[in-house]
């Protein structure tokens, strides 16, 4: 009898979950939802929720991105759109539109959740846990230390591939194509843009402004010199440096930029055994993508 009651409760719970997933968002409906960012493409966020499944959240220039602060969480610090990383848990208030999207009025998240998302993005959570758990063993056995470092690098590469896979599925879904691409290069250990790099970025920004429905993808890379965690952090700092320059000097809105990619030393374009090869690997790749449908319409109107 007790077993039947358990089964009945499970079935009721399952039906409630299915009902929640089937519940749509209607135009004009006031919405408050909470979930995790699966991916972000410019102004559009793919949000995974427990109650409503996957929901599309649209950001506007009026959307407030905030981090509540203080003991009572009354004070709110404004945050840039670039803080909305895959893996970040957020609360969204907004209104439904005719496409069952949520037009966001505000997006809020905690500082702890943001730090967790950064850790997921850079792949360092597993690294820190592994190193902390094996500190004594590393001190005693250098061979084990080398094996652990190799395992950590593989973990970082795995995280990068998962993030890249999410972004790729998002691009495929929305039919984006590469329009322009360039790479800028850095001295060893530096994230400072050279004059030549700044010129290349301004030129790319001018080309992007002439396009409809464009987004900018930025991926940072390093050579293999130094420890893997340092290279992971350095590649992120390089990507963020490029994003900041595109925003300030190139007038590219943050809503037109994808979440920066920190690839570390994982994807070299040349051999790390020579100085020239390492110089080519110390780079940030910048790609301008356009919506194929919008681009086709633009060409059609131009032909008329």
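The numbers here are math on the coordinates, done by the rules we state, and not lab data. Since the structure is predicted, the reported quantities are computational estimates derived from the model, not experimental observations. No Cβ is skipped: glycine too gets one built from the backbone with ideal geometry, and neighbour counts run over all protein chains shown.
Length gain on complete extension for the stretch residue 69 to residue 98, per 0.36 nm per residue less the alpha carbon to alpha carbon distance?
The residue 69-residue 98 span can extend by a further 7.0 nm.
Given a Förster radius of 35 Å and the C-beta distance between residue 199 and residue 271 as r, what FRET efficiency does 1/(1 + (r/R0)^6) yield to the nearest 0.05?
0.80
Just check segment 175-304 against the gyration tensor rule for me: Cα atoms, a ≥ b ≥ c as the square roots of the eigenvalues, rounded for a/c under 1.5, and otherwise prolate or oblate depending on whether a/b exceeds b/c.
Prolate, because a/c is 1.5 or more and a/b exceeds b/c.
Output the peptides 215-221, 229-235, 81-87 sorted from most to least packed, where packing is the average of other Cβ atoms within 10 Å over each peptide's residues.
Ranking the peptides 215-221, 229-235, 81-87 by packing returns 215-221, 229-235, 81-87.
Calculate, in nm to one decimal, what residue 50 and residue 89 gain on full extension: separation in residues at 0.36 nm each, minus their alpha carbon distance.
Full extension from residue 50 to residue 89 adds 12.8 nm.
Per q in 0.11, 0.19 Å⁻¹, report the Debye log10 I(q)/I(0) for segment 28-115, using one uniform scatterer on each alpha carbon and no solvent.
Results for segment 28-115 at q = 0.11, 0.19 Å⁻¹ read -0.27, -0.80.
Among 256-268, 29-41, how do they line up by average Cβ neighbours within 10 Å per residue, starting with the highest?
With the highest mean Cβ count within 10 Å placed first, the list reads 256-268, 29-41.
So how far apart, in nm, are the two label points at residue 192 and residue 60 if each is 7 Å from Cα heading toward Cβ?
Result: 4.3 nm between the two label points.
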